[in-house]
Amino acid sequence: MARAGLIAVATAIVAAGSAEPVLVLNFASAKNPGGGFLSGSQAQEESLARSSGLYASQMQAWDFYERHRANPSCLYSHAMIYSPACPVFADDDGHLLEQAQLLSFVTSAAPNAGAVASNHADDLPLVPVVLKERAELVLTLARAKGYQRLLLGAWGCGVFRNDPQMVARSFIDLLRSPAWDGQFSQILFSVRDHSREQATFHAFQMACDQQLA
(Lines give C-alpha, C1' and ligand atoms only; values in the text may rest on other atoms or scores of the structure.)
Protein backbone atom coordinates (compact mmCIF):
# COMPACT_ATOMS: atom_id res chain seq x y z
CA MET A 1 0.00 0.00 0.00
CA ALA A 2 1.21 3.48 -0.84
CA ARG A 3 -0.39 6.86 -0.16
CA ALA A 4 1.48 8.47 -3.05
CA GLY A 5 0.09 8.95 -6.54
CA LEU A 6 0.55 6.38 -9.28
CA ILE A 7 3.31 8.26 -11.07
CA ALA A 8 5.30 8.77 -7.85
CA VAL A 9 5.05 5.09 -6.99
CA ALA A 10 5.75 3.85 -10.51
CA THR A 11 8.74 6.11 -11.12
CA ALA A 12 10.18 5.12 -7.72
CA ILE A 13 9.94 1.46 -8.76
CA VAL A 14 11.71 2.20 -12.03
CA ALA A 15 14.36 4.30 -10.29
CA ALA A 16 15.10 1.39 -7.94
CA GLY A 17 16.90 -0.20 -10.86
CA SER A 18 14.94 -3.28 -11.90
CA ALA A 19 14.80 -3.83 -15.63
CA GLU A 20 11.32 -5.35 -15.44
CA PRO A 21 8.67 -2.97 -16.87
CA VAL A 22 5.70 -1.81 -14.81
CA LEU A 23 2.06 -1.97 -15.94
CA VAL A 24 -0.15 0.72 -14.39
CA LEU A 25 -3.94 0.48 -14.17
CA ASN A 26 -5.57 3.72 -15.32
CA PHE A 27 -8.89 4.29 -13.54
CA ALA A 28 -10.64 5.34 -16.70
CA SER A 29 -13.58 7.40 -17.76
CA ALA A 30 -15.62 5.17 -20.03
CA LYS A 31 -16.67 8.02 -22.31
CA ASN A 32 -13.90 10.64 -22.42
CA PRO A 33 -10.19 10.12 -23.12
CA GLY A 34 -8.22 11.56 -20.24
CA GLY A 35 -11.39 11.94 -18.21
CA GLY A 36 -12.06 15.62 -17.62
CA PHE A 37 -8.49 16.89 -17.71
CA LEU A 38 -9.17 19.30 -20.59
CA SER A 39 -11.74 21.08 -18.41
CA GLY A 40 -9.52 21.10 -15.32
CA SER A 41 -10.86 18.10 -13.42
CA GLN A 42 -8.50 16.60 -10.84
CA ALA A 43 -8.41 12.83 -10.42
CA GLN A 44 -6.10 9.91 -11.15
CA GLU A 45 -6.74 9.67 -14.88
CA GLU A 46 -6.55 13.43 -15.33
CA SER A 47 -3.15 13.45 -13.61
CA LEU A 48 -1.87 10.74 -15.93
CA ALA A 49 -3.25 12.55 -18.98
CA ARG A 50 -1.46 15.77 -18.04
CA SER A 51 1.81 14.11 -17.14
CA SER A 52 2.36 11.47 -19.81
CA GLY A 53 1.71 10.31 -23.36
CA LEU A 54 -1.34 8.32 -22.25
CA TYR A 55 -3.89 10.74 -23.70
CA ALA A 56 -2.30 10.56 -27.15
CA SER A 57 -2.53 6.77 -26.99
CA GLN A 58 -6.17 6.90 -25.91
CA MET A 59 -7.05 9.17 -28.81
CA GLN A 60 -6.02 6.37 -31.15
CA ALA A 61 -8.59 4.04 -29.59
CA TRP A 62 -11.74 6.06 -30.18
CA ASP A 63 -13.87 2.92 -30.57
CA PHE A 64 -13.51 2.36 -26.82
CA TYR A 65 -15.27 5.65 -26.09
CA GLU A 66 -17.86 5.44 -28.87
CA ARG A 67 -18.91 2.01 -27.61
CA HIS A 68 -19.56 3.33 -24.13
CA ARG A 69 -21.29 6.49 -25.28
CA ALA A 70 -23.71 4.41 -27.32
CA ASN A 71 -24.52 2.01 -24.47
CA PRO A 72 -26.77 3.29 -21.64
CA SER A 73 -25.46 0.71 -19.17
CA CYS A 74 -23.42 2.25 -16.35
CA LEU A 75 -21.74 -1.10 -15.76
CA TYR A 76 -19.75 -0.32 -18.91
CA SER A 77 -17.91 -2.97 -20.91
CA HIS A 78 -14.84 -5.15 -20.45
CA ALA A 79 -13.03 -3.32 -23.26
CA MET A 80 -9.55 -2.06 -22.45
CA ILE A 81 -6.87 0.12 -24.05
CA TYR A 82 -3.28 -1.09 -23.81
CA SER A 83 -0.70 1.70 -24.01
CA PRO A 84 2.86 0.32 -23.84
CA ALA A 85 5.97 2.39 -23.13
CA CYS A 86 4.33 5.80 -22.76
CA PRO A 87 6.68 8.65 -21.88
CA VAL A 88 6.01 10.14 -18.45
CA PHE A 89 7.46 13.63 -18.20
CA ALA A 90 5.82 15.12 -15.09
CA ASP A 91 4.84 13.98 -11.60
CA ASP A 92 1.32 13.52 -10.19
CA ASP A 93 1.04 17.26 -9.57
CA GLY A 94 2.24 18.28 -13.03
CA HIS A 95 5.82 19.25 -12.12
CA LEU A 96 8.37 18.26 -14.76
CA LEU A 97 10.58 15.29 -13.94
CA GLU A 98 14.32 15.66 -14.21
CA GLN A 99 14.31 12.67 -16.54
CA ALA A 100 11.36 11.20 -18.43
CA GLN A 101 10.42 7.59 -17.70
CA LEU A 102 8.61 4.98 -19.77
CA LEU A 103 5.54 3.36 -18.22
CA SER A 104 2.88 1.13 -19.70
CA PHE A 105 -0.82 1.60 -18.97
CA VAL A 106 -4.00 -0.40 -19.22
CA THR A 107 -7.09 1.82 -19.45
CA SER A 108 -10.21 0.16 -18.03
CA ALA A 109 -13.41 1.68 -16.67
CA ALA A 110 -14.75 0.29 -13.42
CA PRO A 111 -18.53 0.04 -13.22
CA ASN A 112 -20.08 3.32 -12.13
CA ALA A 113 -21.77 2.14 -8.96
CA GLY A 114 -23.20 5.56 -8.14
CA ALA A 115 -24.86 5.93 -11.54
CA VAL A 116 -26.11 2.35 -11.40
CA ALA A 117 -27.73 3.04 -8.02
CA SER A 118 -29.40 6.20 -9.32
CA ASN A 119 -30.48 5.06 -12.77
CA HIS A 120 -30.43 1.24 -12.97
CA ALA A 121 -30.94 0.04 -9.39
CA ASP A 122 -31.87 -3.45 -10.55
CA ASP A 123 -28.28 -3.83 -11.80
CA LEU A 124 -26.66 -3.08 -8.41
CA PRO A 125 -26.10 -6.79 -7.57
CA LEU A 126 -24.08 -7.05 -10.78
CA VAL A 127 -21.52 -4.42 -9.73
CA PRO A 128 -19.24 -6.72 -7.66
CA VAL A 129 -19.56 -9.48 -10.26
CA VAL A 130 -18.59 -7.19 -13.12
CA LEU A 131 -15.81 -5.59 -11.09
CA LYS A 132 -14.17 -8.93 -10.33
CA GLU A 133 -14.51 -10.13 -13.94
CA ARG A 134 -12.92 -6.90 -15.17
CA ALA A 135 -10.13 -7.11 -12.59
CA GLU A 136 -9.30 -10.58 -13.84
CA LEU A 137 -9.14 -9.28 -17.40
CA VAL A 138 -6.61 -6.66 -16.28
CA LEU A 139 -4.49 -9.44 -14.78
CA THR A 140 -4.95 -11.55 -17.92
CA LEU A 141 -3.71 -8.73 -20.14
CA ALA A 142 -0.72 -8.15 -17.84
CA ARG A 143 0.25 -11.82 -17.97
CA ALA A 144 -0.28 -12.06 -21.73
CA LYS A 145 2.00 -9.06 -22.29
CA GLY A 146 4.69 -10.47 -20.01
CA TYR A 147 4.49 -8.02 -17.09
CA GLN A 148 5.70 -9.16 -13.69
CA ARG A 149 5.08 -5.89 -11.85
CA LEU A 150 1.65 -4.26 -11.54
CA LEU A 151 0.54 -0.99 -10.01
CA LEU A 152 -3.14 -1.05 -9.02
CA GLY A 153 -5.24 1.01 -6.62
CA ALA A 154 -8.64 2.31 -5.55
CA TRP A 155 -10.15 1.74 -8.98
CA GLY A 156 -13.51 3.45 -9.37
CA CYS A 157 -13.63 4.55 -5.72
CA GLY A 158 -13.98 8.27 -6.45
CA VAL A 159 -16.89 9.67 -8.46
CA PHE A 160 -17.90 6.12 -9.47
CA ARG A 161 -18.55 5.39 -5.76
CA ASN A 162 -17.36 1.80 -5.67
CA ASP A 163 -16.69 0.42 -2.20
CA PRO A 164 -12.90 0.48 -1.61
CA GLN A 165 -13.05 -2.79 0.34
CA MET A 166 -14.92 -4.46 -2.51
CA VAL A 167 -12.33 -3.26 -5.02
CA ALA A 168 -9.45 -4.45 -2.84
CA ARG A 169 -11.08 -7.83 -2.28
CA SER A 170 -11.72 -8.25 -6.02
CA PHE A 171 -8.00 -8.09 -6.77
CA ILE A 172 -6.69 -9.83 -3.67
CA ASP A 173 -9.12 -12.75 -3.93
CA LEU A 174 -7.95 -13.29 -7.49
CA LEU A 175 -4.26 -12.93 -6.69
CA ARG A 176 -4.53 -15.49 -3.89
CA SER A 177 -6.46 -17.99 -5.99
CA PRO A 178 -4.70 -21.05 -7.50
CA ALA A 179 -5.02 -19.58 -10.98
CA TRP A 180 -3.11 -16.39 -10.10
CA ASP A 181 -0.98 -17.15 -7.05
CA GLY A 182 2.68 -16.50 -7.89
CA GLN A 183 1.99 -15.16 -11.37
CA PHE A 184 3.54 -11.74 -10.63
CA SER A 185 6.70 -10.75 -8.80
CA GLN A 186 5.39 -7.44 -7.43
CA ILE A 187 1.91 -6.00 -6.88
CA LEU A 188 1.52 -2.52 -5.42
CA PHE A 189 -1.63 -0.56 -4.56
CA SER A 190 -1.54 3.23 -4.80
CA VAL A 191 -4.34 5.00 -2.91
CA ARG A 192 -3.98 8.76 -2.96
CA ASP A 193 -6.75 10.07 -0.71
CA HIS A 194 -6.94 13.85 -0.37
CA SER A 195 -9.69 13.87 2.26
CA ARG A 196 -9.00 14.79 5.87
CA GLU A 197 -10.60 11.55 7.07
CA GLN A 198 -8.59 9.37 4.65
CA ALA A 199 -11.67 7.12 4.49
CA THR A 200 -10.82 5.53 1.14
CA PHE A 201 -7.23 4.81 2.13
CA HIS A 202 -8.20 3.31 5.49
CA ALA A 203 -11.00 1.21 3.99
CA PHE A 204 -8.66 -0.10 1.30
CA GLN A 205 -5.92 -0.79 3.86
CA MET A 206 -8.38 -2.61 6.13
CA ALA A 207 -9.50 -4.85 3.28
CA CYS A 208 -5.90 -5.62 2.34
CA ASP A 209 -5.00 -6.42 5.95
CA GLN A 210 -8.03 -8.69 6.34
CA GLN A 211 -7.47 -10.52 3.09
CA LEU A 212 -3.75 -11.01 3.63
CA ALA A 213 -4.00 -12.00 7.31
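The values are calculated or read from the model by the stated rules, or taken from the named source; none is laboratory data. All values derive from a computational prediction rather than experimental measurement. Because the Cβ atoms are built from the backbone with ideal geometry, glycine has one as well, and the counts that use them run over all protein chains shown.
Brief remarks follow.
- Residue in the range 125-134 that is touching a His at 6+ places or on another chain (Cβ under 8 Å), closer than 23 Å to residue 193 by Cβ, part of a helix (DSSP H, G or I) and not aromatic (Phe, Trp, Tyr) present: yes
- Long-range neighbours under 9 Å by Cβ, at least six apart or interchain, first residue over 11 Å from residue 29 (Cα atoms) within the range 62-78, second of a type in the set (Phe, Trp, Tyr) and assigned to a helix (DSSP H, G or I): 77/64
- Matching residues, the range 184-207, being surrounded by fewer than 16 Cβ atoms within 10 Å (Cβ to Cβ) and either of a type outside the set (Ser, Thr, Tyr) or at pLDDT 90 or above (or both): 185, 186, 194, 196, 197, 198, 199, 202, 206
- Taken over the range 26-55, the criterion of being under 19 Å from residue 135 (Cβ atoms) and of a type in the set (Ser, Thr, Tyr) is satisfied by 29 alone.
- Candidate set: the range 138-160, residues that are charged (D, E, K, R) and surrounded by fewer than 17 Cβ atoms within 10 Å (Cβ to Cβ); chosen: the one nearest to residue 206 (Cα to Cα): 143
- Residue that is farthest from the chain's Cα centre (by Cα), among those in the range 85-133 that are surrounded by 15 or more Cβ atoms within 10 Å (Cβ to Cβ) and of a type in the set (S, T, N, Q): 101
- Some residue of the range 161-179 being of a type in the set (Phe, Trp, Tyr), touching a residue at least 12 places away in the same chain (Cβ under 8 Å) and either over 21 Å from residue 28 (Cβ atoms) or not in a helix (DSSP H, G or I) (or both): no
- With respect to the conditions (1) in a loop (DSSP other than H, G, I, E, B); (2) at negative phi, residue 182 falls short on a single one, namely (2).
- Residue match in the range 82-94 (condition: under 15 Å from residue 7 (Cβ atoms), in contact with a Phe, Trp or Tyr (Cβ under 7 Å, 6 or more places away or on another chain) and modelled with pLDDT under 95): no
- Among the numbered conditions (1) touching a Ser or Thr at 6+ places or on another chain (Cβ under 8 Å); (2) loosely packed, with under 14 Cβ neighbours inside 10 Å; (3) free of Cβ contacts under 8 Å to residues at least 12 places away in the same chain, the only one that residue 36 does not meet is (2).
- Residues of the range 146-160 that are in contact with a Leu (Cβ under 7 Å, 6 or more places away or on another chain) and part of a loop (DSSP other than H, G, I, E, B): 147, 155.
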